[in-house]
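We did not get these values from a lab; they are worked out from the coordinates using the rules stated. On a predicted model such as this, the values are computed, not experimentally measured, just so you know. Counting neighbours? That spans all protein chains shown, and the Cβs are built from the backbone with ideal geometry, glycine included.
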Amino acid sequence: MMSPVSDMWCYHWKRKLQHFLYLFTIYVISVQDLVLGCSDCRILLSNPTGIFTSPCFPSDYPNSQACKWTLRAPPGFIIQITFIEFDIEEAPNCIYDSLTLDTGENQVKFCGVTAKGLSFNSTGNEMIVSFASDFSIQKRGFSASYARVAVSLRNQKVIIPQTPDVDPVSVAKTVPVPELSQFTLCFEATKASNDANDWKAFSYIDPLSTELLSFGKTTKGHFLSISGTECILDHVLITNSDGDFFTETFEQLCIVWDGFSGTIGVNGKSIYHTVHCSGTFGQIIHGNGKLVLGSDSNEISSLNGDIYNFRLWNFTMSSQKLSNLSCDVKGNIIDWENDFWSIPTSALKAENNLSCGEYVWQNHFSEFFPPWHSTTVNATTPPPPIVTTNMPDTNRTDKPNDGGLFYRISITVFNCKPILESKVQSVVAEWLNQTFQNWNYTVYVVNISIQPTTVNELPREKRSITEQRFVVWALLVYNSTNNISLEEQAIRQKLISNNGTIGDGLRVHTVDVDPVEKCTAEENPPNYFWPDTRPTVTNFTLCHGNSVQIASRTCALHMYPFLLLLPFTYVLTENAADIANQLLNLTGEGQQLTSDKVNDVVQKLKKIVNDEEIDESLGSTVVTIFSNILTSSDSVLAASSSEALKTIDTLALKIQFTGPSMSISTRNLALGVSSINSTSFSGSSFSVGPQNNASDFQLDFEKNQGNALASVVLPSSLLKNLSQEEFEAVSRAQFTFFNKNGLFQDSEMNANLTSFVVACSIGNVTIRDLQDAVKITIKHTLFQEDLNPTCVFWDMNKNNGNGGWNPTGCIAQAESNENETVCLCNHLTHFGVLMDLQGTASQIDPQNNKVLTFITYIGCGISAIFSAATLLTYIAFEKLRRDYPSKILMNLSTALLFLNLVFLLDGWIASFNIEGLCIAVAALLHFFLLATFTWMGLEAVHMYIALVKVFNTYIRRYILKFCIIGWGLPALVVAIVLASTNTNASRVYGKDLYGRDAKGQGGDDFCWIKDKVVFYVTCAGYFGIMFLMNVAMFVVVMVQICGRNGKRSNRTLREEVLRNLRSMVSLTFLLGMTWGFAFFAWGPLNLPFMYLFAIFNSLQGLFIFVFHCAMKENVQKQWRRHLCCGRFRLADNSGKKKKKKHAHFMAPFLR
């Protein structure tokens, strides 16, 4: 009986047990699947940004994990990883669970909580994160974010590939290379010293693989090849003993080519030379080709070296500009940035000593953050491992508050006994814990790090061979709840006094305590103000112009001294495009704008335009915002109109575009920019008209539209008056059209503005005094029955810098009608212009201008006649020119004669519009004016010698020396002026309009000095020196004359007064004292003195003839003896008197 029962029992429980085992197995498998199924942890991450975590995070990670995340970015980017959360089982040297970070050059292992909040960067475009766990003890694990960060190409050089099977380094296909008739090209390169082969540094080929441009070296020397023409450059390059320009260190070379002259400029090693390569004259390098660094063919090798900072411009640069070329000047065709190049990863190499290297990790506001304020840390592995321990709170009663003070502690510990490193760590940690327990200050240790070091790093002192040294770093936090300060010395003494309790053969060698400084108060970026902030504290403020978004600054604190300690970081949630879009919404339809709001918007736009790079997209947004603003009333726009106009001008100047032109059209504002070549400029035009079935406008740069609302025609001579530097800088023309005129408010203008407003400018240069006027045609906004238009321009300097309408230089043409006005914006003149120091000659009213012109020309004609009479008298009669005063007077009369003749012919010659002839006449007029001043000064010098020195004064070759000074000094001045123009004399001398009325209309052409600096220095300044000297001589001579005459008692008082008065008047004209009227022609006295100036100076030749020729007794005798007949004729032997020894010196004065 028992057996069957027993069998049944066994069978029953056997079945039960099998069922239980089956269920248990299913459970274990399911749990294992659940654990392993938390996440896939061996994956490739290639998204621009993302987050990855340890398996099962935020739950504990499973046992026996072996995870690997490969983070990869395209070439030109690095990986930046930040650990948001980090908690892995802690052990010495992380021997159990650990995370290993491979940055490309270094591997760093972490465990515990050490990596939380830290950021790391890869050295290349790949980073590998490995995580391993053992069979026991699990923690939460980690959560990390990653992002790809663009690496600036300025921190990398290109190693030119030497084998044809390697992908070439070339300009990206998305970068169009335009047709080039001139260029400037700069790059830096190195070359291996042991390579004597022929090479090319770069090649530019067309789509058919025909080489259009290259630079390299053959047995003939260094060459530049342009469209098949090879130009040898060795005689202008400084080479080493091997004949190489490039060496093993980087050397910059700039090449400038101008196809219009066939000239090549080479700037290397701070020396600039030019080479004429006639074969390149008139050549054009066709566009849409491919530029390769190195050689494009197998016939010649690539440069065996590196290339860096390759930049290309489609215009020529002067030697001065090249010598001042900075890293910030970007190539407008090709620049050294990632977007311009296609470079294989193997050819890139980062270096930290490149000439234009910059801080790598940048964002939109990178200019506000110095490198030491960055939030990223480059990971490095110290030679020995670092053991990090989380300390328990020591005497801690609360969490760290915003008032917490931080101290960094550095302790050197010696180990005198051979104990394990892990034991040292635990002992030191416990010692620190005990040291700060039950202290009078509420402190706790946040973290400590222990690093063993080698003995030979220690100062030389006697110690055991087996002695070890450890460096301990710790962060101490003091919660100052009772406003009691804690000095660093107190912390240091506390540690030193507790040295005996450390035990186990360990002893403290040195202790250093330093406070962790606060982040200081500052304004950064502009308009964002931050107060003093303690470490770990974050400040917040509203973003300007946006009540929703927040800007914050965190005073960050890192735990380890071998890492970069970062005082603070910024988080700004805006960039230029975001701000512009917000402003666009703020000013859109239906928005009520006040004067303050408009001013705020304009200030933000001003900052964007001034500080940012403006592409077409951002520029279009800014123009649309201004168009929206223009819908406001004049009263709303008044306060910010001046800033708005300046910002629009800056926008047109800065906006970047590709192709020959670009335009942006909105309802109230249209902006167009056209590229121009200063060397081949032959005129340009711009017109704007209504667009079919649209509220915007249509801009045309090729031809004038039939229904144009405004048009501008620029003459071919537009750039002739520019300096060489300005001429080379011109690369664009800007046009702006305003449909609404609310920004142009002039309270001093009585007339009403009845037309649209159009603006035109050339680059960033000021163009005025044009040889040929600019033609501007503008439609009227209202029909004008009574046609009396005045062409005006907006003068930014009027009304204390607020701007105002100015008619100067613009003339309304007769072809104007009721619907539109045609303006020519840009003269016989009176003599006052030559010395118009105030520049007010053009402001004299038409009636007075006509009178002054009449006086000037009549006076100059009379003066020329009598100067010639004086000169002929002294030439004809030899006895008259035997003394020194007569010879000096002859030279002065000659200068005056030619001065008057050239002046009289000047306006007539200007009418021929021959530039070279006009420049010659202006230079001659300048020379004879200076010669007149000089000879008047020499008259004064001679009088001083004759009347003051008198005796014992003998000067060898007296008159010859006077002639060298009198004619040579003016010639030298004019020669220097001409030489300084660098073959562009039209910049200083040439035709200009003079005699314009108050509206800037009328006037006549005149060849004279156009450059104000030259005028004020060589005319006003030169005359000022002569005038002051002549005034001094005038006083001295008059004192001498009056003293000598007063000693003679045979004359009455009336005779003496008349005699002295005649001497004074004669000296006044002889020494040119009347030219001093120019110094008094200012303000309300301008017109009277201009009349005095014109009358007396235009008649100076007449007065000299009267007082120094006609009234001289010996001249009268010669006239009567040789020119008269009958009773007026004088006998040859009459009137002979015994002469005094020095009478020839004093003849003009003593009578």
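Annotations for the structure displayed:
- Exposure proxy order (Cβ contacts within 10 Å, fewest to most) of Arg1054, Arg881: Arg1054, Arg881
- Computed label-point distance, nm, for sites Ser241 and Lys423 using a 7 Å Cα→Cβ extension: 6.4 nm
- Note on Lys116, Lys157, Lys1012: ascending count of other Cβ atoms within 10 Å places them as Lys1012, Lys116, Lys157, the fewest first.
- Of Lys290/Lys330; Lys68/Lys109; Lys200/Lys349; Lys157/Lys191, pairs whose Cα-Cα distance is over 18 Å: Lys290/Lys330; Lys200/Lys349
- Of the cross-linked pairs Lys217/Lys720; Lys597/Lys646; Lys606/Lys991; Lys423/Lys494; Lys775/Lys1012, those separated by over 29 Å at the C-alpha level are Lys217/Lys720; Lys606/Lys991.
- With a Förster radius of 30 Å applied to the C-beta separation of Glu1055 and Ala920, the computed FRET efficiency comes to 0.05.
- Rg and Dmax of region 575-656, based on Cα coordinates, read 11.6, 33 Å.
- Estimated FRET transfer efficiency (Arg1121, Leu1087; beta-carbon r; R0 30 Å; 0.05): 0.05
- Estimated FRET transfer efficiency (Asp206, Lys68; beta-carbon r; R0 45 Å; 0.05): 0.40
- The calculated pair-distance distribution of region 839-1128 uses every alpha carbon pair, bins of 5 angstrom beginning at 0, and gives 1, 5, 10, 14, 17, 16, 13, 9, 6, 4, 2, 1, 0, 0 percent.
- Taking only the Cα atoms of region 842-926, the radius of gyration and Dmax are 16.4, 50 Å.
- Simple spin-label estimate for Ile484 and Gln591 in nanometres, 7 Å along Cα-Cβ: 5.8 nm
- Alpha-carbon gyration tensor eigenvalues x 5, square-rooted, for region 659-826, Å: 25, 20, 16
- Nonlocal amide H pairs with Thr510, under 5 Å, H built at 1.01 Å: Thr412
- Straightening the chain between Ser136 and Asp795 buys 229.0 nm, computed as 0.36 nm per residue apart minus the Cα-Cα spacing.
- Residue exposure sequence - Arg1059, Arg42, Arg507 - by fewest surrounding Cβ within 10 Å: Arg42, Arg507, Arg1059
- Computed over the alpha-carbon pairs of region 154-350, the distance histogram in 10 Å steps reads 9, 39, 41, 11, 0 percent, short to long.
- Positive contributions from Lys and Arg (+1) and negative ones from Asp and Glu (-1), summed over other residues with Cβ under 12 Å from the Cβ of Ser209, come out at -2.
- Here the simple spin-label model places points 7 Å from the Cα toward Cβ, and for Glu248 and Ala876 these points are separated by 8.9 nm.
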